[in-house]
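Only one structure is covered here, and it is reproduced in the block below.
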Amino acid sequence: MIIKKGGYITQRQLNPAQLSMEFRPRRATMLTQGADTDQEPTRPTWSRQIEFTLAGIGCAVGLGNVWRFPYLCYRSGGGAFLVPYLLMLVVLGIPLLYMELTVGQYTRRGPVLALATVCPLLKGVGIASVAISFIMCTYYNVVITWALYYLFSSFRAPLPWQNCNNTWNTPNCTNHATNSSYSSTASQEFFKYKMLEQTSGVEDTGVLRWDLFLILILAWILIYFCIFKGVKSTGKVVYFTALFPYVILIALLINNAQLPGALEGIKFFIVPVWDELLSVEVWVNAAAQIFNSIGIGFGSLMAMSSYNDFNNNILKDTLSISIINSITSILAGFVIFSAFGYMSYLQGIPVSDLAVDGPGLVFVVYPQAFANMPVAQLWAVLFFFMLLCLGLDSEFAMVEVMVTSLMDQFYKDVIHIFKKKELFVLAVCFVACLFGIPCVMQVGIYVFQLMDHYTAIVSIMFLAFFEVMATCWIYGVKRLSANLEEMNGHKANIFFRLCWLIVAPVLITVILIFSIIQFKPARYGEYVFPPWGQGVGWIIALASIIWIPLGAIHTLWVLPGSIMEKLKLSLTPYALNEKSNMPYYERGGPGGNPPIAVISPSFDLPEKHPAETYF
């Protein structure tokens, strides 16, 4: 017989049969129906589980796989870099992705409510992840805009960056790369003087680039029609956007491998320089690449996993997403460096003079390689269409974080104001588009560099650090493992528990400390930003980080009791939830979780509207 006392169910009075017959369906139903009245009455789910897997792959596999990993591999010992890279994948990337997907699927909420549930004191981490996703989606879509601009330009014959006989070219333009600092290639001048029309520095804002602005609007229209129906529309789009880039990558590799000099370029990419493994920086770079590529701390995959079926096999998705992400990076490395080898052969310069990091790799160096290939227009169209697909997938995920979190938090208000979710998604895209306008002015490349440097390098490391602290240490490995058992019928094995408890927190702490020690102010090429520009960069970084202390202050303010009681409650999962809405195991029920001693009759948790207690 099951005895209830004041809304709590004691663990001693339940047996496994009662657990499977009565409580598991209740748990899944409670989560699907929404834990409180301000959230969606029925949470949508992916039509097929493969759609989530593809969306997760699309989220993880982005432009960084094409322009960041090959350069890091070349600079950090070639093939030797794969040793720390794959090791960090196993002990850092896979366990932390497993953690995020578990939290998202179990709570069936976006990062704001999910992390407020896990650790009320650090609920600001969830808000910060929404803030950083908003900042990143405003400038990341500018890269999609550039890809569209190049895609449209690729239909011209000859390619506009194929020679120096254009109105935007300078007397210093040359058709071949050189070591001279006084000359520039046709592809460099197309990027700087035709597409960007960039000014001399951040002090000179210039004017709006109307053609880029119109393409930016087009990019946001594409994003909107891919996500306006939520997972129902995104789930259909990812069949193409997540899979087609691999067709293009393989086609490019087959083509490049047949070009003269390709083998020499590949050697630069894979031949190991084992001495590089003695450098701490190489190991930190490997960990940081795994971390940023998979997207730990952004909240994107957590938001998407919240639409999973409650009993979905999370480990299968974790392994699929993380392993395919790394394979894609390695495949992209072969494609990029085989093209570099071809350029080195044609121009008689070392591959080391061609290898660059960031947008310059895909918008300057690689287009220059196309200009010398047979059927140049075809390969250019395929390459930039691939970049478009990669960019769209990552952009979907960042916008989805904002939409999911705001719908979770303010569902009734959103529906009251916008009537339909589709109109709300349109409003989110419109606001993000407005914030992206500075990036399509003539000063845009400097704005882009500032935002990328202080968001992707500074902010994300702080967010990830506190997310891991909240989930692995405060919420606890024991509870996380029990959540997995409730969903999948088995706990996390000893490997994952050790990684969550010790390895991941230690590695992230080391990366964070090393990043602070080795931090360098933002710069664009040889241009160094003035002090006030660096100040703007720090404001951008603080726009997301500031929510962590603000969230902690607000939690302590709304919780009852003395200072010590407030602090104790703030470290207690579900302390901000109404007792009746807490999962049964946290009310003393089964599941192997440690008891919540703090929640006792001496504490009457405030009966507040969720919008007041969570945000």
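The values are calculated or read from the model by the stated rules, or taken from the named source; none is laboratory data. Here the structure is a predicted model, which is why all the values come from computation and not from measurement. Note that we place each Cβ from the backbone using ideal geometry, even for glycine, and neighbour counts take in every protein chain shown.
Residue check: Val90 meets all listed conditions (1) buried (at least 24 other Cβ atoms within 10 Å of the Cβ); (2) without any contact (Cβ under 8 Å) to a residue 60 or more places away in the chain but one, namely (1).
Taking the condition surrounded by 19 or more Cβ atoms within 10 Å (Cβ to Cβ), among the hydroxyl-bearing types (Ser, Thr, Tyr) and at pLDDT below 90, does Ser184 pass? For Ser184, the condition - surrounded by 19 or more Cβ atoms within 10 Å (Cβ to Cβ), among the hydroxyl-bearing types (Ser, Thr, Tyr) and at pLDDT below 90 - is met. Residues in the stretch 337-386 that are aliphatic (A, V, I, L, M) and modelled with pLDDT of 90 or more: Leu378, Ala380, Val381, Leu382, Met386.
Could we say that Phe291 is assigned to a helix (DSSP H, G or I), at negative phi and either among the polar types (S, T, N, Q) or crowded, with 20+ Cβ neighbours inside 10 Å (or both) here? It is true that Phe291 is assigned to a helix (DSSP H, G or I), at negative phi and either among the polar types (S, T, N, Q) or crowded, with 20+ Cβ neighbours inside 10 Å (or both).
Do we find a residue being in a helix (DSSP H, G or I), β-branched (Val, Ile, Thr) and touching a residue at least 24 places away in the same chain (Cβ under 8 Å) anywhere in the stretch 296-309? No, there is no match, as no residue in the stretch 296-309 is in a helix (DSSP H, G or I), β-branched (Val, Ile, Thr) and touching a residue at least 24 places away in the same chain (Cβ under 8 Å). When the stretch 433-452 is filtered for residues that are over 25 Å from Gly360 (Cβ atoms) and either modelled with pLDDT under 95 or under 21 Å from the mean Cα position of the chain (by Cα) (or both), only Cys433 remains.
Scanning the stretch 150-172 for residues that are surrounded by fewer than 23 Cβ atoms within 10 Å (Cβ to Cβ) and part of a helix (DSSP H, G or I) gives Leu151, Phe152, Ser153. In the stretch 196-224, which residue that is farther than 21 Å from Glu395 by Cα, out of contact with any strand residue (DSSP E or B) (no Cβ under 9 Å at 6 or more places or on another chain) and among the hydrophobic types (A, V, I, L, M, F, W, C) is surrounded by the fewest Cβ atoms within 10 Å (Cβ to Cβ)? Residue satisfying both the conditions and the ranking: Trp210.
The requirement of being in a helix (DSSP H, G or I), among the aliphatic types (A, V, I, L, M) and modelled with pLDDT under 90 is not satisfied by Leu331. Leu390 - would you say it is in contact (Cβ under 8 Å) with a residue 24 or more places away in the chain and either under 18 Å from the mean Cα position of the chain (by Cα) or over 30 Å from Cys164 (Cα atoms) (or both)? It is true that Leu390 is in contact (Cβ under 8 Å) with a residue 24 or more places away in the chain and either under 18 Å from the mean Cα position of the chain (by Cα) or over 30 Å from Cys164 (Cα atoms) (or both). Taken over the stretch 485-510, the criterion of being closer than 19 Å to Cys119 by Cβ, surrounded by fewer than 21 Cβ atoms within 10 Å (Cβ to Cβ), in contact (Cβ under 8 Å) with a residue 24 or more places away in the chain and more than 21 Å from the chain's Cα centre (by Cα) is satisfied by Leu501 alone. Residues of the stretch 469-480 that are small (Gly, Ala, Ser) and surrounded by fewer than 21 Cβ atoms within 10 Å (Cβ to Cβ): Gly476 alone.
Count of the stretch 511-531 residues, restricted to those that are in contact (Cβ under 8 Å) with a residue 40 or more places away in the chain and either β-branched (Val, Ile, Thr) or closer than 13 Å to Trp473 by Cβ (or both), is 1. Within the set Trp538, Trp473, the sole residue that is in a helix (DSSP H, G or I), within 30 Å of Lys316 (Cβ to Cβ) and among the hydrophobic types (A, V, I, L, M, F, W, C) turns out to be Trp473. Kindly check whether there is at least one residue in the stretch 421-432 that is modelled with pLDDT under 90 and either surrounded by fewer than 23 Cβ atoms within 10 Å (Cβ to Cβ) or under 19 Å from the mean Cα position of the chain (by Cα) (or both). Yes, the stretch 421-432 contains at least one residue that is modelled with pLDDT under 90 and either surrounded by fewer than 23 Cβ atoms within 10 Å (Cβ to Cβ) or under 19 Å from the mean Cα position of the chain (by Cα) (or both).
Restricting attention to the stretch 353-381, the residues that are of a type in the set (A, V, I, L, M), surrounded by fewer than 20 Cβ atoms within 10 Å (Cβ to Cβ), in contact (Cβ under 8 Å) with a residue 60 or more places away in the chain and part of a helix (DSSP H, G or I) total 2. Scanning the stretch 389-407 for residues that are in contact with a Pro (Cβ under 9 Å, 6 or more places away or on another chain) and not β-branched (Val, Ile, Thr) yields Cys389, Leu390, Asp393, Ser405.
Residue check: is Leu82 of a type outside the set (Gly, Ala, Ser) and surrounded by fewer than 23 Cβ atoms within 10 Å (Cβ to Cβ)? Answer is yes for this residue.
Selection of the stretch 451-460 for residues being in contact with a helix residue (DSSP H, G or I) (Cβ under 6 Å, 6 or more places away or on another chain), among the hydrophobic types (A, V, I, L, M, F, W, C) and crowded, with 23+ Cβ neighbours inside 10 Å yields only Met451.
Can you confirm whether Ile513 is buried (at least 20 other Cβ atoms within 10 Å of the Cβ) and part of a helix (DSSP H, G or I)? Judged against the criteria, Ile513 is not a match. Counting only helices (runs of 4 or more DSSP H) that fall entirely inside the stretch 193-273 and contain at least 3 residues that are farther than 27 Å from Phe370 by Cα and modelled with pLDDT of 90 or more, the qualifying elements are 210-227. On the basis of being in a loop (DSSP other than H, G, I, E, B) and in contact (Cβ under 8 Å) with a residue 12 or more places away in the chain, does Gln188 make the cut? The answer is no for Gln188. If I filter the stretch 226-252 down to residues being of a type in the set (Ser, Thr, Tyr) and within 30 Å of Ala339 (Cβ to Cβ), which single residue comes out as surrounded by the fewest Cβ atoms within 10 Å (Cβ to Cβ)? That would be Tyr239. Is there a residue in the stretch 113-129 that is buried (at least 24 other Cβ atoms within 10 Å of the Cβ), among the charged types (D, E, K, R) and under 15 Å from the mean Cα position of the chain (by Cα)? Among the residues of the stretch 113-129, not one is buried (at least 24 other Cβ atoms within 10 Å of the Cβ), among the charged types (D, E, K, R) and under 15 Å from the mean Cα position of the chain (by Cα), which makes the answer no. Just one of the listed residues (Val528, Val477, Val503) is farther than 30 Å from Glu281 by Cβ and either touching a strand residue (DSSP E or B) at 6+ places or on another chain (Cβ under 8 Å) or β-branched (Val, Ile, Thr) (or both), namely Val477.
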